[in-house]
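Written out below as structure tokens is the structure these notes cover.
Taken together, the values in this text are just the output of simple stated rules run on the coordinates, not laboratory data. What you are looking at is a predicted structure, and each value in this text was computed from that prediction instead of being measured. Ideal geometry is used to build each Cβ from the backbone, glycine not excepted, and the neighbour counts take in all protein chains shown.
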Amino acid sequence: MPHLRPFVAAVVRPIPITTREERIAELDRAGHNPFSIRADKVSIDLLSDSGTGAVSVDQQAWSQRADERYAGAESYYRFQDAVRDLVPYQHVLPVHQGRAAERVLFGALLEPGQISLSNMHFDTTRADVELLGAEARDLPSAEAFDLSSDEPFKGNIDVDAVKGVLDGPDGHRVGQILVTITNNGVGGHPVSMSNLAEISAVAREHGVPLILDAARFAENAWLVTRREPGYPDWSPRDVARRAFELADGAVASLKKDGLSHDAAFLAERLHAAGVQTVRPTALNAVYVNAGTLLPHLKPQELPDQALSCALYREGGIRCSGGSLFMGVFDENNELVVAPPFELVRLALPRRVYDRSHWSTSPRSWPALPKTPNRSPATA
Ligand code: F0G
């Protein structure tokens, strides 16, 4: 039985319908880079779940009431109160985007030559660490590498590996430990509270700040209540509060998170079609294993990028692969260290698509309108 969507669409945007020939031309124009494809040539846009959700009437109304006064604005205090309800930190600094928060906080914490240890730095996060002349070192848990197991907390950081670095010759260079919840780079998996408690104790023992990249902290908290022994009676809000208490600070891109949807349904459709996805299915996205789907392509041929382009060419679907930020490239842009896996992420904008979008094939799409009905003037 399909679930009832507890809302209706009040404002709609027509989906651009393109021909295969148009999409091939657009891929050529975009240099086969999904980020360079024009959005008005994309029928189903699964590039990101960040800032792509449909806004509610309340969100629209509150944005009209936003207070833009230069200092002491009412909106700031409202924001601060909402944040303080969750985090115990003294300073709350709104900035325009998560990557800006990274620049501000890491700039205060990291010196050139220092190391940032993480369960996985997101691509902008890695770039911000490296721009400061520091090293971003990923230490995900071993379970993360088994894409088909149903381990509940594959987002965890490898605490023993962190201890190994801290107690080894590089120990004095560690400037921060950064735990990304949920772990976007390795399949959107959650981090358990027991893993956070362990890494918190290690960080405090060594006097190293523990920072959360809390872009999807609410999803993480909700998954903890569903999967971690000892937490089924906790509210996600209380789990989130506890997570922030275990850390010394956090950056959070608040353009995501806070709403859930049916990623499991899309994953089931893919499985029925014989396509492997990373298990367990995340909330913000479904991650497709391009490495096993396209075994004839070598890592140097970037199977994830190839699959992204094929999805666009055949279905007008835009998404992206991870090898460009997880692999290591030389100065000629040749892949020299292959990523541990080649994943394509189908990120799900919240409240935008419904099951009809997951269940139809381009063959059943409406024919191209004779006069494209796309601009506000003709709508
Ligand atoms: N950290 C994580 C885990 C993220 O997923 C992102 C952005 C950021 C930091 C940076 O935040 O975009 O507000 O500057 N992730 C988006 C994505 C872009 O599609 O996963 P931002």
- Query: What range in the chain is the longest one free of chymotrypsin sites (Phe, Trp or Tyr not before Pro) that are in a loop by DSSP and have at most 13 other Cβ atoms within 10 angstrom?
  - Reply: 71-379
- Report, ordered by chain and residue number, the lysines lying within cross-link reach of Lys41, taken as a straight Cα distance under 22 Å and ignoring same-chain residues fewer than 8 apart. Lys370
- Take the alpha carbon atoms of region 282-304, find their center, do the same for region 51-70, and report the distance between the two centers in whole angstrom. 37 Å
- Query: For region 152-310, max minus min Cα coordinate along each principal axis, in Å, sorted largest first?
  - Reply: 49, 42, 28
- Item | Cleavage-rule hits, trypsin sites (Lys or Arg not before Pro), region 226-285, DSSP coil, Cβ neighbours within 10 Å at most 15 | Lys255
- What residues have an amide H closer than 5 Å to that of Glu135, excluding those fewer than 5 places away on the same chain, when H is modeled at 1.01 Å from N in the peptide plane? Gly113, Gln114, Ile115, Ser116
- Percent RCO, i.e. relative contact order, over region 156-243, from Cα pairs under 8 Å lying at least 6 residues apart: 29 percent
- In a Gaussian network model over the chain where Cα atoms closer than 10 Å are linked, find which of Asn333, Asn284, Asn33 has the largest mean-square fluctuation. Asn333
- Query: What are the residues whose amide H is under 5 Å from the amide H of Asn119, where those residues sit 5 or more places off or on another chain and H is modelled from the backbone?
  - Reply: Leu139, Leu178, Thr180
- Under 22 Å Cα-Cα from Lys154, which lysines qualify once same-chain neighbours fewer than 8 residues away are excluded? Lys163, Lys256
- Query: In degrees, nearest 10, range 0 to 90: what is the angle between the Cα axis of helix 20-29 and the longest Cα principal axis of the chain?
  - Reply: 50 degrees
- Note on the structure: Residue-ordered couplings for region 288-298, obtained by feeding phi - 60° into the Karplus form 6.51 cos²θ - 1.76 cosθ + 1.60 and rounding to whole Hz (Gly and Pro as x), are 9, 7, 5, x, 7, 6, 10, x, 6, 9, 7
- Task: Calculate how steeply helix 193-206 sits against the longest principal axis of the alpha-carbon atoms of the chain, using the helix alpha-carbon long axis, and give the answer as 0 to 90 degrees to the nearest 10.
- Result: 40 degrees
- Message: Give me the base-10 log of I(q)/I(0) for region 16-97 at each q in 0.25 Å⁻¹, Debye formula, one uniform scatterer per Cα, rounded to two decimals.
- Response: -1.27
- Mind listing the phi-derived Karplus ³J(HN,Hα) values for region 217-224, rounded to whole Hz, using 6.51, -1.76 and 1.60 with θ = phi - 60°, and x for any glycine or proline? 5, 6, 4, 4, 5, 5, 5, 4
- Find the all-direction average of the projected area of the Cα convex hull for region 1-139, expressing the result in square nanometres with one decimal place. 14.5 nm²
- Message: Given N residues in the chain, what is its alpha carbon radius of gyration divided by 2.2 N^0.38 Å?
- Response: 1.03
- Query: With the contact rule set at Cα under 8 Å and sequence spacing of 6 or more, what percent relative contact order holds for the chain?
  - Reply: 19 percent
- Message: Whole angstrom only: what separates the Cα centroid of region 186-207 from the Cα centroid of region 96-127?
- Response: 17 Å
- In degrees from 0 to 90, rounded to the nearest 10, what is the angle of the helix 303-315 Cα long axis to the longest principal axis of the chain? 30 degrees
- Work out the P(r) tail for region 91-200: percent of alpha carbon pairs separated by more than 18 Å, whole number. 50 percent
- Task: Run the quick spin-label model on Tyr76 and Ala10: label points 7 Å from Cα toward the beta carbon, then report their separation in nm to one decimal.
- Result: 3.0 nm
- Taking GluC sites (Glu not before Pro) as exposed when DSSP calls them loop (any state but H, G, I, E, B) and at most 10 other Cβ atoms lie within 10 Å, what is the longest stretch of the chain free of them, the sites themselves excluded? 69-330
- Task: On each of the three principal axes of the Cα atoms of region 73-138, give max minus min coordinate, whole Å, ordered largest first.
- Result: 40, 20, 19
